[in-house]
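No value in this document is a laboratory result; all are computed from the given coordinates. Source: prediction; values computed, not measured. Virtual Cβ from ideal backbone geometry, glycine too; neighbours counted across all protein chains shown.
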Amino acid sequence: MSSVLVSHVGTLDLFALKAIGKFYGRDFLPYPFMIKQGMRFATADEATAYGNAALDRFHYGDLGIFTDCVFGYAHADIRVECHVQYIPADTPSVRVTAYRIGELGFFAAQQPDADEVDIYTLSPYDLGAAVCDELALTQPGRHPRIVVPEYAPKPRAEFDAGDFDVQHTLEASSEVIIPATEVSSYSTVQSHWLPTRDWGFDGRKNAVVWIHVIDDGDYIYAPDFSHAVPMTKPALNQRVDELIAEDVAILREFRRDD
């Protein structure tokens with residue numbers, strides 16, 4: 001468990017969380033959580049009965065301990081979402097989110113082999129640290145710069161003022177080429193300040209992306225995804241905190257103008 005987490009609120013079943021969210025108008029789970037074990041109800045009536053019971057427990061019973069966590073997520077000032085996808089996918093993904101509302105902070109992690117999330121409280125200023133502490137990093141990669149051609153952005157042509165004259169930007173030849181077959185995990189972190197409207201990674205937002213190369217180490221991508229460099233945990237934490245700081249600044253400006 002991360003050293004910045006304050007206390008364990010409890011473990012919440014994703015089927016219950018989905019039922020609670022649907023009651024309050026949300027059609028999907030918080031990203032990146034995903035029900036992986038398949039439908040465990042024999043009939044639709046059984047599923048409905050379970051959802052109704054979960055709502056009763058949330059409003060009047062034992063699941064009431066998650067009230068601040070659930071409503072805090074729905075109205076969060078900042079959300080940080082992290083997904084580690086292993087290749088091949090026979091190793092369970094890492095799926096975590098950390099969020100804050102006012103002076104309250106929360107961290108939630110899906111259990112690797114279960115449709116349940118463990119929820120904790122933490123300082124609202126430790127979101128990035130909590131996410132990074134949850135990750136099983138190895139060691140920085142051996143090469144100063146690498147490129148994985150399958151992950152590289154498409155080259156962009158540059159046109160000059162003349163007719164028909166096209167120039168292409170050439171990449172420096174100092175990068176080591178790594179085939180995608182040598183990548184054993186692909187990871188993303190994003191920060192958000194706007195309410196979420198869809199489940200999934202937001203391709204319109206900045207992100208921190210890193211990979212693990214087999215028999216080598218961890219590499220973090222440059223913001224333009226042109227190449228990746230060896231990654232340490234402090235470097236990752238700094239990049240994630242920079243994403244959060246960008247959204248905090250936008251949020252403050254938005255509220256100032258509101």
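Worth a mention:
- For 199, 210, 193, the sequence from fewest to most other C-beta atoms within 10 Å is 199, 193, 210.
- The range 190-258: relative contact order as a whole-number percent, Cα under 8 Å and 6+ apart: 30 percent
- Extents of the range 41-131, taken as max minus min of Cα coordinates on every principal axis and listed largest first, are 42, 39, 17 Å.
- Extended-chain gain in nm, criterion 0.36 nm per residue less alpha-carbon gap, residue 65 and residue 222: 52.4 nm
- Between residue 114 and residue 174, the C-beta separation translates, for a Förster distance of 45 Å, into a calculated FRET efficiency of about 0.50.
- Only helices enter this figure: runs of n ≥ 4 DSSP H residues, each worth -39500 (n - 2.57), summed and divided by the residues of the chain, yield -8500 deg cm²/dmol at 222 nm to the nearest 500.
- Ranked 79, 204, 255, criterion: other C-beta atoms within 10 Å, fewest first: 204, 255, 79
- Cα-based helix-to-principal-axis angle, 233-257 vs the chain, degrees rounded to 10: 70 degrees
- Averaging Cα coordinates gives a centre for the range 208-258 and one for the range 12-76; these two points are 31 Å apart.
- Structure-derived mean projected area of the Cα convex hull in nm² - corresponding label in (i) 14.6; (ii) 18.5; (iii) 16.6: (ii)
- Across 22/233; 18/205; 18/233; 18/154; 36/154, pairs whose alpha-carbon gap is larger than 29 Å: 22/233; 18/233; 18/154; 36/154
- Projecting label points 7 angstrom from Cα along Cα→Cβ for residue 89 and residue 104 puts them 3.4 nm apart.
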